[in-house]
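Colleague: Pasting in a structure now, in structure tokens, and then I'll have a few things to ask.
The values are calculated or read from the model by the stated rules, or taken from the named source; none is laboratory data. Small disclaimer: the values here were computed from a predicted structure and weren't measured. Methodologically, a virtual Cβ is constructed for each residue, glycine included, from the backbone with ideal geometry; neighbour enumeration extends over all protein chains shown.
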Amino acid sequence: MKALIQRVRRASVEVEGEMVGQIDQGLLVLLGVEKGDDEAAADRLLHKLLHYRVFSDAEDKMNLDVQQIEGGLLLVSQFTLVASTKKGLRPSFSSAAPPAEGERLYHYLVERARKAWPNVATGRFGADMQVALVNDGPVTFLLES
């Protein structure tokens, strides 16, 4: 699994003009599921999402995680994140999990995240989404499980 995380001041997701998820300060997480990913990979990734220290402490050092700042997680599925771009001028999606498996693991991660942390919002799997954000920093990292 891959997660592109962005430290945000706020972020939201719309589907067909309807706001389906939004957070204030926290992490926007674009999530890609690869072939071979499983629940253990999702659990490892969730641990990283909840404990990765990307928020500033009183000395302006990245020492705080999303829980310590009482921030939100906005989880958005994005299969293009796992595309191979090494060859040619068109991405290859051969490493992406099949849609049904990607959806199953995405919902598994969302369910586990909601059990672990109360401030979780989501996009809609497989939908054409419009994502808006105010990136704080900007601070962006690619996490892999």
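Colleague: Just checking, how many residues over the stretch 115-124 are of a type outside the set (A, V, I, L, M) and surrounded by fewer than 18 Cβ atoms within 10 Å (Cβ to Cβ)?
Modeller: Just the residues of the stretch 115-124 that are of a type outside the set (A, V, I, L, M), to begin with: 115, 117-119, 122-124.
Checking which are surrounded by fewer than 18 Cβ atoms within 10 Å (Cβ to Cβ) leaves us with 115, 118-119, 124.
Going through the stretch 115-124 one residue at a time, the tally reaches 4.
Colleague: If we scan the stretch 18-31, do we find a residue that is β-branched (Val, Ile, Thr), at pLDDT 95 or above, outside any loop (DSSP other than H, G, I, E, B) and touching a helix residue (DSSP H, G or I) at 6+ places or on another chain (Cβ under 9 Å)? Quick ask: steps written out before the conclusion?
Modeller: Residues of the stretch 18-31 β-branched (Val, Ile, Thr): 20, 23, 29.
Cutting the leftovers down to at pLDDT 95 or above gives us 20, 23, 29.
With outside any loop (DSSP other than H, G, I, E, B) added as a condition, the list becomes 20, 23, 29.
Next cut, touching a helix residue (DSSP H, G or I) at 6+ places or on another chain (Cβ under 9 Å) only: 29.
Yes: the stretch 18-31 contains one or more residues that are β-branched (Val, Ile, Thr), at pLDDT 95 or above, outside any loop (DSSP other than H, G, I, E, B) and touching a helix residue (DSSP H, G or I) at 6+ places or on another chain (Cβ under 9 Å).
Colleague: Taking the stretch 112-122, which residues are of a type outside the set (D, E, K, R) and either more than 13 Å from the chain's Cα centre (by Cα) or within 21 Å of residue 39 (Cβ to Cβ) (or both)? Steps first, answer last, please.
Modeller: Of the residues in the stretch 112-122, the ones of a type outside the set (D, E, K, R) are 113, 116-122.
Those that are of a type outside the set (D, E, K, R) and either more than 13 Å from the chain's Cα centre (by Cα) or within 21 Å of residue 39 (Cβ to Cβ) (or both): 113, 116, 117, 118, 119, 120, 122.
Colleague: Out of the residues in the stretch 23-64 meeting the condition of being under 21 Å from residue 133 (Cα atoms), under 13 Å from the mean Cα position of the chain (by Cα) and β-branched (Val, Ile, Thr), tell me which one is surrounded by the most Cβ atoms within 10 Å (Cβ to Cβ).
Modeller: 29
Colleague: From the list 4, 89, pick out the single residue that is at pLDDT 95 or above and either in a loop (DSSP other than H, G, I, E, B) or over 17 Å from the mean Cα position of the chain (by Cα) (or both).
Modeller: On the way: 4 fails: either in a loop (DSSP other than H, G, I, E, B) or over 17 Å from the mean Cα position of the chain (by Cα) (or both).
Among 4, 89, only 89 is at pLDDT 95 or above and either in a loop (DSSP other than H, G, I, E, B) or over 17 Å from the mean Cα position of the chain (by Cα) (or both).
Colleague: Which residue is farthest from residue 123 (Cα to Cα), if the candidates are limited to the stretch 35-65 and must be part of a loop (DSSP other than H, G, I, E, B) and of a type in the set (A, V, I, L, M, F, W, C)? Talk me through it step by step, then tell me what you get.
Modeller: Step one: list which residues in the stretch 35-65 are part of a loop (DSSP other than H, G, I, E, B), which gives 35-38, 52-54, 57-61, 65.
Narrowing further to those that are of a type in the set (A, V, I, L, M, F, W, C): 54, 58.
Details: 54: 22, 58: 32 Å.
It comes out as 58.
Colleague: May I pose another question? How many residues does the stretch 108-136 hold that are without any contact (Cβ under 8 Å) to a residue 60 or more places away in the chain and on the phi < 0 side of the Ramachandran plot? Before you say what the answer is, go through the steps one by one.
Modeller: Residues of the stretch 108-136 without any contact (Cβ under 8 Å) to a residue 60 or more places away in the chain: 110-111, 114-115, 118, 120, 125-126.
Now restrict to residues that are on the phi < 0 side of the Ramachandran plot: 110-111, 114-115, 118, 120, 125.
Count: 7.
Colleague: Which of (1) over 19 Å from residue 144 (Cα atoms); (2) of a type in the set (D, E, K, R); (3) part of a helix (DSSP H, G or I) does residue 103 not meet, given it meets every other one?
Modeller: (1)
Colleague: Just name the residue that is farthest from residue 29 (Cα to Cα) out of those in the stretch 82-93 that are surrounded by fewer than 18 Cβ atoms within 10 Å (Cβ to Cβ) and touching a residue at least 12 places away in the same chain (Cβ under 8 Å). Quick ask: steps written out before the conclusion?
Modeller: Taking the stretch 82-93 first, the residues surrounded by fewer than 18 Cβ atoms within 10 Å (Cβ to Cβ) are 83-93.
Retained after the next criterion (residues that are touching a residue at least 12 places away in the same chain (Cβ under 8 Å)): 83, 93.
Values: 83: 17, 93: 20 Å.
Ranking the qualifying residues of the stretch 82-93, first place goes to 93.
Colleague: So, in the stretch 125-145, how many residues would count as being crowded, with 16+ Cβ neighbours inside 10 Å and under 19 Å from residue 51 (Cα atoms)?
Modeller: Selection size over the stretch 125-145: 3.
Colleague: Same structure, new question: Which residue is nearest to residue 65 (Cα to Cα), if the candidates are limited to the stretch 10-22 and must be loosely packed, with under 14 Cβ neighbours inside 10 Å and charged (D, E, K, R)?
Modeller: 18
Colleague: For residue 68, only one of the following conditions fails: (1) assigned to a helix (DSSP H, G or I); (2) surrounded by fewer than 16 Cβ atoms within 10 Å (Cβ to Cβ); (3) of a type outside the set (Lys, Arg). What is its number?
Modeller: The one condition residue 68 does not meet is (1).
Colleague: Right, here's the next one. Which members of the stretch 106-136 meet the condition of being touching a strand residue (DSSP E or B) at 6+ places or on another chain (Cβ under 8 Å), of a type outside the set (A, V, I, L, M, F, W, C) and either at pLDDT below 95 or not in a strand (DSSP E or B) (or both)? Before the answer, list the steps.
Modeller: Of the stretch 106-136, the ones touching a strand residue (DSSP E or B) at 6+ places or on another chain (Cβ under 8 Å) are 106, 109-110, 113-114, 117, 119-136.
Restricting the remaining residues to those that are of a type outside the set (A, V, I, L, M, F, W, C) gives 106, 114, 119, 122-124, 126, 128, 130, 135-136.
Answer for the stretch 106-136, where residues must be touching a strand residue (DSSP E or B) at 6+ places or on another chain (Cβ under 8 Å), of a type outside the set (A, V, I, L, M, F, W, C) and either at pLDDT below 95 or not in a strand (DSSP E or B) (or both): 106, 114, 119, 123, 124, 126, 128.
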